[in-house]
Structure formats: C-alpha cells, structure tokens
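The values are calculated or read from the model by the stated rules, or taken from the named source; none is laboratory data. None of the values given here were measured: they were computed from a predicted structure. Cβ sites come from the backbone with ideal geometry, for glycine too, and all protein chains shown count toward neighbours. Surface accessibility is based on the protein's heavy atoms, side chains included, excluding ligands, DNA and RNA. Shrake-Rupley method; radii C 1.70, N 1.55, O 1.52, S 1.80 Å.
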Amino acid sequence: MDKEDVYGLLRKGKTMILAYDQGFEHGPSDFNEHNVNPKYIFDIALEGRYSALAVQAGVAEKYHKKYYRDIPLIIKLNAKTKFMDGDPVSLQHTSVAYARSLGAIGVGYTIYLGSKYEQKMFKEFGKIVEEAHEHGMAVVLWMYPRGLKVENEIANDVIAYGARIAMELGADIVKVKFNGDLEGMRWTVKSAAATRVVIAGGNKTDELSFLKTVEKALQAGITGIAVGRNVWQSDRPIDFSRALNEVIFDGVGAEEAFSRMRK
Amino acid sequence: MDKEDVYGLLRKGKTMILAYDQGFEHGPSDFNEHNVNPKYIFDIALEGRYSALAVQAGVAEKYHKKYYRDIPLIIKLNAKTKFMDGDPVSLQHTSVAYARSLGAIGVGYTIYLGSKYEQKMFKEFGKIVEEAHEHGMAVVLWMYPRGLKVENEIANDVIAYGARIAMELGADIVKVKFNGDLEGMRWTVKSAAATRVVIAGGNKTDELSFLKTVEKALQAGITGIAVGRNVWQSDRPIDFSRALNEVIFDGVGAEEAFSRMRK
Amino acid sequence: MDKEDVYGLLRKGKTMILAYDQGFEHGPSDFNEHNVNPKYIFDIALEGRYSALAVQAGVAEKYHKKYYRDIPLIIKLNAKTKFMDGDPVSLQHTSVAYARSLGAIGVGYTIYLGSKYEQKMFKEFGKIVEEAHEHGMAVVLWMYPRGLKVENEIANDVIAYGARIAMELGADIVKVKFNGDLEGMRWTVKSAAATRVVIAGGNKTDELSFLKTVEKALQAGITGIAVGRNVWQSDRPIDFSRALNEVIFDGVGAEEAFSRMRK
Amino acid sequence: MDKEDVYGLLRKGKTMILAYDQGFEHGPSDFNEHNVNPKYIFDIALEGRYSALAVQAGVAEKYHKKYYRDIPLIIKLNAKTKFMDGDPVSLQHTSVAYARSLGAIGVGYTIYLGSKYEQKMFKEFGKIVEEAHEHGMAVVLWMYPRGLKVENEIANDVIAYGARIAMELGADIVKVKFNGDLEGMRWTVKSAAATRVVIAGGNKTDELSFLKTVEKALQAGITGIAVGRNVWQSDRPIDFSRALNEVIFDGVGAEEAFSRMRK
Amino acid sequence: MDKEDVYGLLRKGKTMILAYDQGFEHGPSDFNEHNVNPKYIFDIALEGRYSALAVQAGVAEKYHKKYYRDIPLIIKLNAKTKFMDGDPVSLQHTSVAYARSLGAIGVGYTIYLGSKYEQKMFKEFGKIVEEAHEHGMAVVLWMYPRGLKVENEIANDVIAYGARIAMELGADIVKVKFNGDLEGMRWTVKSAAATRVVIAGGNKTDELSFLKTVEKALQAGITGIAVGRNVWQSDRPIDFSRALNEVIFDGVGAEEAFSRMRK
C-alpha cells in the first residue's frame, strides 16, 4: 500500500467518505422522501466532493453502474438488520470479485469486536484483505466493539484496541467512534500505525458541533471521516459537505467554515 | 439492470407471476384433482398470459423442459416445509447454473427477515444475485419478515424495511404482502427504489375483492403481483387471469374487469 | 427425463428394486449365514430379474465391480446407524461421481422429512439431482417422514406430502410406505406427478400378504417396489422374486402368482 | 480391490501392522526413553518384518521421508487427544494427497461409532475411500464403537456392526477389538465380508497371552493384527515381533513361537 | 525438512524469534510510545540479529513489504482477542499463499490444546503444514494447553504432550512454556523428537533472570526462544538482544552475557 494515496482514497492525505447503508442496518425509518432515493445521495456525493461513497452491492448495481460511474465507490460486503439482538454478527454476502465488477475502488466490512462470533468475522475479513489487495482495491473496516464482552465501546482502550486489530488484519482505513478525548484518539491513531483512522459521524447533531468534533479529531492525527446521516439528513447537504471539505482538506477552522456556510 | 424490462419479466412496465411452489411449502392439501397436476398450471400460465411461472427445479425439469418451453420460467432455489417451527430458515438446494440449464429466465429465493438465521440467507442470496446477473437472469426475492423478532409482519415499517433490504441486496423484484394501506405501500415502493415491488396473492379470497386489492396497490406504484392459490384454486382460472391482465397491464378498473369476466 | 424408462430403471413402465443397505442401517442382526454375504444377494438380484440392486459404495466396489457388472446398480449416497436417536439426519458420504465410476446407473438418498435437519438434506439432495441428471443417472429418494415434528409417518397426507416434495426436488423415483389405503395411495401417486412411486417392503411378512399388498398398491398407480428383507430373508428368495415379477410386470394376480410358487 | 494383496498390505493373505500414533492419542506417557524416539519404532518395523507402520503425517514427514523409505507406510488422517470427553469425534487433518506425497501406501482413519458426530466421520471417510482408491492406496479403518449411545463396545453384535459398516463404507481393512469369543469373531469376519478384519493389540499384556489371543482370533478368520504398545513397550520387541510373524504368517502355534523366543 | 537449517530458521542449530502479535492478542496496552510503532520492532529485529520476526499479515504488508525485506518473516495465520473467554479457539484468517506472497519464510499458528475446539484447530493446522511444506516454508506452532480440560498448563506431562502433538502434526518448531524444571524440559524435547522446541518469553521479567532461564533450558536441548515483551519492553532492547544472541548462539553464560551488557 502506498500510504500517500491508499488506493486513491486520499486527497492531500485526507479522506471523506459518505456512507449510505443505513437502509439495511436501521431500515428506511432513517430516510425522508428525498434521501430514500439513492440518486439524491449520489448527487450529494458528487457535488459534495466526497472521496468515496459507501453502499451495498444492490445500490451500486442499480445506480452507480448506470448513472454515476464518476463517483469513487466502496461496496460494503456485509450488513445486519435491526432485528438481530444478542452477540452481533454480520457475514459477507457480496464477494470482492463482484464488488470489483461493479466498479468499486474499495470494499467495506464491519467487525463486531468482542462478539462470540468475532473469529468468523476475522476469518472472512482476512480473506477479503487478501483478495482486495491482490486487485489493488482499498479495504475499509467498520470496527464496532459491540460484543457482549465489551463493557464500554467508547472507552479509550477499547477504541485503540479495535484500531490496532484493524491494522494487524490489514485494513487500509479503520472507522472508529470518537469519544471526544483528544489524547485517547492520539493513542488510537498511534495504535493503528500505518492504517488510517476515520471517525464515524453517528446520529444527526447540529452542524457546528459536528464541524468542531472533526476539527478536534484532526488534531489527533485522524485521516478524515465516514459520515452519513449528519449529511444526508441535513436540509443543506451540499453546503454542509463543502464546510466539511474545508475543515478536512484545507485546514479551515470549524467556526469559520460554519460561518461561510450561512452565506 | 435495464429497468424497462427487468430481464424480460416486464410488459408495459408491469408483471404478473404465477406461483406454484405451494406443494412444497404447504403440502398437496392445497391442491385438488386438477391443480395437483403441474400440466394444469402450465396451461393456466400459458393461456392466462403470465409474465412468468415460478416453480421448483423438479417441476421445471419434468414439465417445462419437455412440454412448455414457451413459458418464461422462474425457478425457486429454496423452500421449507410446514413441519418447521421456531425461527424459520430456508436454504438454497438448487444452483443458479442448474436453473439456467433448465431454461429459467430468472430465479427466486425466500428470505425470512428477523429470523436468527437471516445472515445465512443474506449470504446465500448475495451469491445468487451475483451469479444470476452475471448470466442475465432476473432475481425475485420472496421477502417474508417472519422471524421470531418480528412482532407484526404486515406493519408498514416492516414491509418497507424488507423491500429496502431487497434492493440493497440486489433483487430485481421483491414480493411483499399488501396490508391494504395505500400510503404504507407508497413508502414501501419508494424504499425499494430501483427494485420492483409485487404483492403476494395469499389465501384464496373472492375474485372481486382480489381485483380491487390489486387495483389499489397499483395506485401505490407496485409493478404487479405474484399469485398462486387465488388463480389455480379458482373454478375459472383463465377468465380470472384475464381479468387480472386487464387490471394490471391495461389499467382497466377492478369492477369493470370483474363484470367482463361474468360474461 | 424420459418417463418411459426413467434412465433404464423401468421395464413395461414398472420397476422392482432389491435393497441391501440394512447392514448399515440396522446392523448384521438382520442377516443370517447366507444373506450376510453380498454374493448371495447379487445372485438373487440377477436370477430374480430385479430392475436394480441398491447398495452402499463399499458393497458396489468390492462385489459389483469385480463379479457382477451385469446387475443394474443404484448406490445409496447416505446412511445412518441404529445408534442415532432424536431428530434423524443422514448426510452424503459418497459422491455422485464416485457412484458413477463404480458403474451405478442411479443413486439413492434418504430424506428424513420433518427432522430439524431437513434443510441440510434438501440441500444435499438438490445438488445430487443436478449432478446425477447431468450424467444421465436416475435418482431414487427414500422419503421417510420420521422427524420429531411428524405425528404419524403413515398418515395419508404425510405420505402424499413426502411424494410431492420428492417431485419438486427432482427425484425420478420416490420410495414411500403403503398404509393399505387405496385412495390415500392414489392421491400420493397424483401428488408425485411425473415422479414414480415405489412402495417399501419393510419387515418380513408372509409371502401371500406381501404379494396382495403389492397387487393392491399397483391399482393405485404405483410403479413398483423397493424390497429387501421380505426377499432375502425368505427361504426361497428366487421363487418369491419371480412371483413378484409376475404381479408387477405381467399383471398376474397375487393369489395366482403365489400358487404358482408352491409348485 | 484385489483381495489377494489389498494394495500390497498382505503377505500370504495375512497382515501385521505396527501402530505408533499413541503419542497423539494418549500422550508421551506411553513412552520410555527408547520408544519416544520414532527411529526406534522404524527400526522395529523394519527388523520385525511388519506389513506396514501406521503413523501421523508429522512422523512420516520427518522420519520416513528421510531415513526409512523401505518401510510400507500407513498415514493416519485423524486423531484426538486424551483431553476430549463426551461424545468422541476425530476429524481429518491430513489429506489423502498429502499422505500420498509422503510415500504412504495406505491411509488410516478412526470412526467413533455411536457418537452423535458419527455422520461427520462417515462423510469424511467416504471421501477418503474415494480419493485413496482412485490412487491405488489402501484404506484402514480404526472402528471404535465408543459413542455415548454404545452400552458395551465389546459386545459381539456391536463389534460385528462396526465391521459391517466398515465394509459398506469401503474400508479395505477394519481394526476391531477381540473380546475373546471365537464365535463372535467368526460372525464379525462374515459381517465384514470382503473387508479384512484385524484385531487391536490394546494395553500391554504378557507375551504368551497375546500370542494365544492372536492364534485364537486367526481361527475365526481374521487377517492379522494392528499392534503397538505390546510390541514397542516390550523389552525384546524384535524377538516378540518375530514370534508374531510365525503365528500369523507361518501358522506356528502360540506356545511354540513363544518357546522359540526364549532362546 | 532438513533438520540442519529448518528452512533457514536456524543458525548454528539454534534460533531466536522475535514475536510481535501482542497488539492483537492483548491490545495496545502492552505498548508504549516507542514499541507501538512496528518500525521500532523491525529495527530491533534487524539490529538484534533475530532469526525471524513473527507478525500478523497486516504488519507484514504495511511494513515488511515496503521497508524491511531483509528481515526473515514468520506470519501468524490466526489470533484471538482478550475479549474471548470460555474454551479458547483461534481460526486461520490468513492463507499460506498470502503469507508467501508477502515474503514470509515461515508461518505461525496457535493451537489451544484441551479446548473443545481443538479438532477445528488440528484440521486447519494439518492443511497449513501441507501447504507450507509444499512451498518450502517453515511452520512454527504456538502450543498453548489452555482448554478448560487442562488443569495445569505448565505441568511437565502437559507441556510434553503438546510438544509431541506438534511433531505428529508436522510442526517444524513448537513454542512451549518452560516451568523451570530441567528434567521436564528434557522429556519435552525428546517427546518433540525431530521438531525443534523453543520456549516462550512471557511477561517481562528482569534481564538476568531471563538470560539464566534461557541458559538452563538450553541444557535441556531446546533450540532457542520466541521472545516479545521481554525484549521490546526493555529500555535497551538491542543490548539485551545481543546478550541473548551470545547465550543462544555462542554458548556464553548468562551471568557473563549480562555483565557484558552493562558496559
């Protein structure tokens, strides 16, 4: 892996991924009349200058293949539904080869660390890394320490542990939660070593807070964000995406980027 | 996928699938002396101008291959029996390659959403989509939210969730139940995005009610129906099929189509 | 499949299969000094003019391959022992390719309907049908509704259900029990549609009763029998086999065939 | 299979296998300073004129390949440790192809009859028979009826049942225990039909008793022995092996062979 | 295997492996600001003249491939996290082929002896041995008797049992714990026969004690050590590594090697 571009996912050493797999994970209750339509999201990805859009194979096949070949695509290879309880597990339902044939530049996979099924996911993920890197595709790991054995998924040591395992398994980018503690995130970034760390967007919050959170995490050495609801549930997703661009790629302060948005 | 024809399963943007896998799912108790014979059903499919007939591989092999090569065929790749209780699961017993060699233009698969086995079915289905689309075959998903975690399988949000997952997994057509709520079905159709929605026929009801149900669901944007017992348990299946044709393909009202039947 | 001969297993549209896998299923306690020896059975198969002999791969390999290449062979691909209790399951231990290399014209497989493992057996059987038919081999299904969910394995609706599933899965011949009810067996034969129905011999009974049972079941439309202990536990197996031949292939009455035996 | 030599494992229709997998099954507590060293055993196999030596792949690779290519080798493909309790299972960890590449003329496998995992072992063993016979390799089955369902593993009917299943699955040689009952062993040999029966050596006993046991079992028609501890725990293993040779291959009486040893 | 060099892992018949997979097994809590960085470890491996460095695939891919092609590499093919409790299991997530493509000269695998999952690990390991040896790669087995059935993982008979199984499965080098008992370790080395024994470093202890432990174990015939924390948690890792080199490769006494360090 060339750290300078991570298979084309970086720009000035940073990345900004738009995630749109919530329809599978949470159900369409996350959506409104606009964002239920994948075309609406593809337009945001394009105009918002995202490094990549992360979707399931079905979305890629029916939209990207036909209308949006210019948007760099990450295809998520597993998913679970909100119906699952107990120890979480999510198994690969899309092959790396299929993701590639659909035009993806990278693949995504979720590991539920601490689940009694974690070995199954490590096994699948190891094979995915091998197949993806053989074909020059980036591997992004959604690292969720949500197994029943995990007491606090946003404890600093838990987040850092997840980032470390991501690196040892061969992920190029690992998506983790940011609990707001700068020193904790610095250690996570160090634990991840050559693997790039991006923070999750999570539930919708107010725009300025979100920009400030990103600004802070960048000081800890993260490479960027993987954001979904905070963007496509916004009533001005393009403006907000551009503010994020400024903070992440141009080093503009959160307050300033936010004030420019209002104009 | 070319939305205009969905691998040949659409006519004027609509579809009408005749389902005949109830002998496996429920047992021959659904049948009488006539419809127990697959030839009787193939004749209905042909004369009733169905877009496709959905059967198990054994039926395709012993009847379609020999007598009815002109009827577009969807082969169901899994099934379960009425003996199963607890969390439902139905695993693939027929390969896409075999379905293709038997002349099918599409394949069908059932997912029991909310079952603790749903990951197994997602995994099989993902591979089926990949193999089918590689060979230009349509994929129809019977989406049944019947896992123990599902409180009400015909709640609007549950139906819409199933339709969304069908799309994200790559189904071309998803078969769901219609609970009679027009707004609910509109949201399901939107959640399904580029995947076409057809409604299940279900238990035998009176002909006019069934036609009215179809007429109503069409207003919500569905693409058609997948019907079985309501047709082949009817004492005038061809007449009833033609009425369904008129409602679905020609936009004739239910009442009018029904009154024409009587003549 | 050409219904007229079912891959060579039919003569005048009927069949008579000699089964010899009881050493595996029940143990050698079924045997005496004579019939413990496979050669004794191969001789009966030959002189008794059976349509085929059904054995496990080991028997085929050590006897058929060497001494009896003229006897049409069906190789059973699974088996279980008398030690198993609880929900029954029997998994494939012999491949279709190996059965073919041993000279078999067909393969046999047992499904325990209503077992919690039935999905595993459906999955294996579906693949077996595909592989066997690809190479022009017949598929015979031993359909035993013996899962814990099955209240009465010889209820008419249960037998008919098993026969129906056999057909939908692609079996050429299904072996079921005959409970003595003619109408029930007629419905089973109809439910099986293009799949041929043969009845199981079961425990040793007196010769005349057995011949009468076969005569009666033939009136319901069955294609023949799969018999074991009633023949090779008989003290005049060749004579009895010839009587069975007369009843099945020549339409001779049970009483008459029996009286000829005595001479 | 040519019964006359069983892939080279027979001499004058008899066989004598030296088993050395106890280090895996029981631990090195079975060993002393001498026999802990595989070279010591290979020397016994060579000088004691054994038909074959049965070892795990690691022993074959590190000793046979390098020093002892003249000793006919059987590689055991599975094993379990003394730590396992409950229903026993032992899964294949070495492939037939690898055994072949290491120079083996045959493969060995253990089935725990009556275990709830017996289906898994039947499945693996069936595939092993197919692969081994395809390449002209002998298959030796260690048949241990030790599942929880088995009340008495050395009851005559249990031993005979095991031998029968071995034959139906395609084993060339089956290793069983001898409970001392001559008639019981005669029936076991008959139940095994074309499959050869060898008796297990078991725990170390005095030499004369062991020779007498072998002499007796030979009268029941067994083909020979698979012996381990009784030989390599002996303080004169070569002498004792030669006595066994005389009893098995030359028909010398146990007493006489034993008295010759003393000289 | 050529015992003289074990695929290049030996120098003067001895070996010294630096292990760095603790980030996965224990989490980054084992690390400080220096040793969290894989480059720091690669530098120690190089300057400390280790026979090989053992890491996960991700570390190999991101560091060895790019910066350190001169360091002999062993890639660990499995791992587990500190979250797992109950009977331990660790499944293969990296293929031998991938390890090879990343430039490894050997592969590592952990077996938890006495775990109810030990059969799964034996099965994976058997295949790994086959694949690795086919391509001339060394196989190092981390043998941890930590299953619930194991009362005392450092009892002499348990350690020796583990070493024996390693040999029978085909490991080239087995890593075991040393409980300080010289006679016990001598028996372990004998039980391992042609497989080389290295002792684990374990938790950080004082340098002189560690050197003395190594010196003592060498008297029992071990081939060397696999050390991690004792080296890279040291504040003078290169000096300490050189002392280890002297003790292991040059037969210098522990006290002397230690006193030289101080200078």
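Worth a mention:
- The residues neighbouring B:Gln22, those whose beta-carbon lies less than 13 Å from its own, together hold a net charge of +2 under the Lys/Arg +1, Asp/Glu -1 convention.
- Percent carbon-and-sulfur accessible area, the stretch B:133-263, ignoring ligands, DNA and RNA, probe 1.4 Å: 45
- Using a probe radius of 1.4 angstrom, the carbon and sulfur fraction of the accessible surface of the stretch E:28-113 is 47%.
- Structure remark: mean-square fluctuation, Gaussian network model of chain A, C-alpha springs under 10 Å; the largest value among A:Val139, A:Val176, A:Val158 belongs to A:Val158.
- The local environment of A:Val198, defined by Cβ-Cβ distances under 10 Å, has a net charge of +3 under the rule Lys, Arg +1 and Asp, Glu -1.
- Cβ-Cβ distance of A:Ala97 and E:Lys82, R₀ of 41 Å, FRET efficiency by 1/(1 + (r/R0)^6): the value works out to about 0.75.
- A point 7 Å from Cα along Cα→Cβ stands in for E:Arg11, and the other copies hold the same point at 4.9, 4.9, 8.0, 8.0 nm, listed in rising order.
- Those trypsin sites (Lys or Arg not before Pro) in the stretch E:34-131 that DSSP places in a loop and that have at most 16 other beta carbons within 10 Å: E:Arg49, E:Arg69, E:Lys82
- Of B:Gly103, B:Gly228, B:Gly126, the one that fluctuates the most in a GNM where chain B has Cα springs shorter than 10 Å: B:Gly126
- Rounded to the nearest 20, the size of the Cβ-charge dipole of the stretch A:156-226 about its Cα centre is 60 debye, with Lys and Arg at +1 and Asp and Glu at -1.
- Annotation: the antiparallel percentage among DSSP beta bridges lying fully within chain B is about 5.
- Global geometry of the protein assembly as shown, whether rounded, prolate or oblate, following the gyration tensor of its Cα atoms and the 1.5 cut on a/c: oblate
- Derived from the Cα gyration tensor, the three semi-axes of the equivalent ellipsoid of the stretch D:130-173 are 25, 9, 7 Å, largest first.
- Beyond 27 Å in Cα-Cα separation lie the following of the pairs A:Lys204/B:Lys123; D:Lys127/E:Lys116; C:Lys82/D:Lys212; A:Lys62/C:Lys127; D:Lys62/E:Lys14; A:Lys66/A:Lys175: A:Lys204/B:Lys123; C:Lys82/D:Lys212; A:Lys62/C:Lys127; A:Lys66/A:Lys175.
- With all protein chains kept in place, the per residue accessible area of the protein assembly as shown amounts to 34 square angstrom at a probe of 1.4 angstrom.
- Here the protein assembly as shown is treated with +1 on each Lys and Arg Cβ and -1 on each Asp and Glu Cβ, and its dipole about the Cα centre works out to around 900 debye.
- Taking the centroid of alpha carbons for each part, the stretch D:92-170 and the stretch C:66-108 are 16 Å apart.
- Buried solvent-accessible surface, both chains (E, D), 1.4 Å probe, Å² to nearest 100: 2900
- Inter-copy label distances at A:Ser29 (7 Å, Cα→Cβ; nm, one decimal): 3.6, 3.6, 5.8, 5.8
- Members of the stretch A:140-162 that become less accessible by 50 Å² or more once partner protein chains are added (1.4 angstrom probe, chain alone as reference): A:Lys149, A:Tyr161
- Rounded to the nearest 20 debye, dipole of the stretch E:1-156 from Cβ charges on Lys, Arg, Asp, Glu: 180
- Projecting 7 Å from Cα along the Cα-to-Cβ direction, the label point of E:His135 sits 2.0, 2.0, 3.2, 3.2 nm from its equivalents in the other copies, listed shortest first.
- Chain B's nearest residue to the axis relating it to A, judged by Cβ and reported with the distance in whole Å, is B:Lys120, 10.
- Selection among E:Val36, E:His133, E:Tyr63 by position relative to the dipole of the stretch E:11-134 gives E:His133 as farthest towards the positive end (Cβ unit charges, Cα centre).
- Estimated purely from DSSP H runs of n ≥ 4, each contributing -39500 (n - 2.57), the mean residue ellipticity at 222 nm for chain D is -11500 deg cm²/dmol once divided by its residues.
- Comparing the full protein assembly with the isolated chain, the residues of the stretch C:171-214 losing at least 20 square angstrom of accessible surface (1.4 Å probe) are C:Trp187, C:Lys190, C:Ala193, C:Ala194.
- Cα gyration tensor shape of chain D, rounded if a/c is under 1.5, else prolate or oblate by comparing a/b with b/c: rounded
- Shape annotation for the stretch E:174-245: C-alpha extents along the principal axes are 37, 19, 19 Å, from largest to smallest.
- Among B:Leu73, B:Leu218, B:Leu182, the residue with the largest mean-square fluctuation in a Gaussian network model of chain B, with springs joining Cα atoms closer than 10 Å, is B:Leu182.
- Beta bridges per DSSP with both ends in the protein assembly as shown, % antiparallel, nearest 5: 5
- Stokes-Einstein, applied to the Kirkwood radius of the stretch A:33-76 over Cα pairs at a viscosity of 0.890 mPa s and 25 °C, places its translational diffusion at 238 µm² s⁻¹.
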